[in-house]
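Report on the structure given below.
The values are calculated or read from the model by the stated rules, or taken from the named source; none is laboratory data. Bear in mind the structure is a predicted one, so any value in this text is a computation, not a measurement. Please note: Cβ atoms are built from the backbone with ideal geometry, for glycine as well, and neighbour counts cover all protein chains shown. Heads up: the accessible areas ignore ligands, DNA and RNA and are worked out on the full protein's heavy atoms, side chains in. Shrake-Rupley method; radii C 1.70, N 1.55, O 1.52, S 1.80 Å.
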Amino acid sequence: METTWFKEPRHAWIGLGSLWIIGFIGALSRFIMAYFQVQISDDLGISRGFISMAWSTNLLIAALCAPLGGWLVDRYGPKKIMLASAVISTLGTGTVVLGHHSIVFFIGYGVISGFVGIGTTTTYMLMFEWFRHHRAKAVALLASASSVGLAISTPIFVSSSWLTWKDAFLASFVLGIIVTLPVIWFGIRGTAPKRTLLNKTQKNELAASEDSEKTTEVRPSYKGMSVHLPIFIVVACALFTCGFNMGTVEMNLVAIHQLANVSPRIIALSMSILGVLEILGSLIFGYFLDRFNKLVMMTLLYGIRIIGFSLLFMHVGWSPVLFAIAFGMTYLSAIPGGLMIVNEFAQGKGKQTGFLLLFHQGGGILGALIGGISFDYFHNYQALISVDIFICLLVTLGYYILYARRKRNYQFQGRSASI
């Protein structure tokens, strides 16, 4: 019998550590596009619109690959798909490193790196498979890897003026080869599809067992089944909103601050605070998601985002720092929180997870594109921030209505049972 640590299998914690290292390295690409947009534009002689197009193309391809990746995970297991995704990522960064040209940049980052999306569902499926008692906390710890990478990368590259976006891409390429691929190969314990592990006798026994269960189970009422659909819709809309928020922040936040005449020192400070608060926020929300009603926690999360974007809209003196605190607290918990809500009803199938992540990627694409379009038309980002506030408000209401409906249903069932 395998040793358990804190009620979870040892391989789960080892796998979590391996995934954390991979996520930490992956933060470099996030930092590059968030911080070096102006430098990339100047060095390659391309417009910011061209960079936004590369960003959006990356997200679009990743979005289309997410459901495919979910199907591949169900068929071949997450480890193989994660390896394939890591190889594609290395090829993408390598293409950018080897050819400093606008078309090469677009192909490497916009196209090749987009196919990394086939591995989007792998970490979530592994977390849901490995952990039972500390699932939300494990997901939160994993999410903190990107934030730690951002918090460390920002002061290193900001304080070292000689380090450029080319150096960052080179570091990502080298670390992908010497760290990411070996860590996946040796540190991740794959979970093969269940049916491929069964011999013919076991398959017959499983089929007989399933038939027996079908004859004895009580068919759920239409009313009970209908509860699942609004939950799926609200979570899909929430993930779309989260993606839109991330597209706004990842692609346009530095430009928003620059347009508001925020000093480079405050911008760097806010980016570091954003990374640190992402870590704290993911741990705090992960802790409470394991202990309290997830619908309540998601209502609170998007309510905090409304406050954050409202502060960003007003552009008061400390808006960059206050926004970093508010948004950082919620940055990494919206996706795992929504997926865990659906997982309670859909049992975390890869295809369903991939379909939900498709909404998230779609939101990211629109967030990046609308940012550029609104700036070209209005010469500011106020319209973009207003959209962020509005859709966060809708999702907050959606999660709260779901919670209120389910609470009334439980109270009604309790009264009926007592009669």
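Looking at 417, 368, 383, can you tell me which residue is within 21 Å of the chain's Cα centre (by Cα) and either farther than 24 Å from residue 125 by Cα or at pLDDT 85 or above (or both)?
Answer to the selection: 368.
Would you mind finding the one in 94, 99 that is modelled with pLDDT under 80, of a type outside the set (Asp, Glu) and over 22 Å from the mean Cα position of the chain (by Cα)?
Only one candidate qualifies: 99.
Whether any residue in segment 304-311 is at pLDDT 90 or above, assigned to a helix (DSSP H, G or I) and charged (D, E, K, R) is what I want to check.
Yes.
Which is exposed (fewer than 15 other Cβ atoms within 10 Å of the Cβ), among the aliphatic types (A, V, I, L, M) and at pLDDT below 80, of 33, 1?
1
Which residues, taken from segment 72-89, are polar (S, T, N, Q) and open to solvent by less than 20 Å² (accessible area, probe 1.4 Å)?
The one that is polar (S, T, N, Q) and open to solvent by less than 20 Å² (accessible area, probe 1.4 Å): 85.
Which of the helices (runs of 4 or more DSSP H) contained wholly in segment 122-177 include at least 2 residues that are over 30 Å from residue 40 (Cβ atoms)?
Qualifying helices (runs of 4 or more DSSP H): 122-130, 135-159.
Using the structure shown, decide if residue 295 is at pLDDT 90 or above and in a helix (DSSP H, G or I).
Yes.
Before we move on, is residue 398 open to solvent by less than 10 Å² (accessible area, probe 1.4 Å) and either at pLDDT 80 or above or within 22 Å of residue 66 (Cβ to Cβ) (or both)?
No; evaluated as a whole, the condition is false for this residue.
Pull up segment 56-71, narrow it to residues that are crowded, with 23+ Cβ neighbours inside 10 Å and not small (Gly, Ala, Ser), then point me to the one that is farthest from residue 107 (Cα to Cα).
65
Given the conditions (1) farther than 20 Å from residue 370 by Cβ; (2) open to solvent by 50 Å² or more (accessible area, probe 1.4 Å), which single one is not true for residue 105?
With respect to (1) farther than 20 Å from residue 370 by Cβ; (2) open to solvent by 50 Å² or more (accessible area, probe 1.4 Å), residue 105 is out only on (2).
State yes or no: is residue 301 at pLDDT 90 or above and open to solvent by less than 30 Å² (accessible area, probe 1.4 Å)?
Judged against the criteria, residue 301 is a match.
Out of curiosity, is residue 377 surrounded by fewer than 21 Cβ atoms within 10 Å (Cβ to Cβ), among the hydroxyl-bearing types (Ser, Thr, Tyr) and on the phi < 0 side of the Ramachandran plot?
It is true that residue 377 is surrounded by fewer than 21 Cβ atoms within 10 Å (Cβ to Cβ), among the hydroxyl-bearing types (Ser, Thr, Tyr) and on the phi < 0 side of the Ramachandran plot.
Taking residue 341 and the conditions (1) open to solvent by 20 Å² or more (accessible area, probe 1.4 Å); (2) at pLDDT below 90, which numbered condition does it fall short on, given that it satisfies the others?
So the condition that residue 341 fails would be (1).
Taking residue 289, is it among the hydrophobic types (A, V, I, L, M, F, W, C), under 17 Å from the mean Cα position of the chain (by Cα) and open to solvent by 10 Å² or more (accessible area, probe 1.4 Å)?
no
Within segment 35-66, restricting attention to residues that are in contact (Cβ under 8 Å) with a residue 12 or more places away in the chain and not in a helix (DSSP H, G or I), which residue is farthest from residue 364 (Cα to Cα)?
The residue in question is 45.
Does residue 139 satisfy the condition of being modelled with pLDDT of 75 or more, open to solvent by 20 Å² or more (accessible area, probe 1.4 Å) and of a type in the set (Val, Ile, Thr)?
The answer is no for residue 139.
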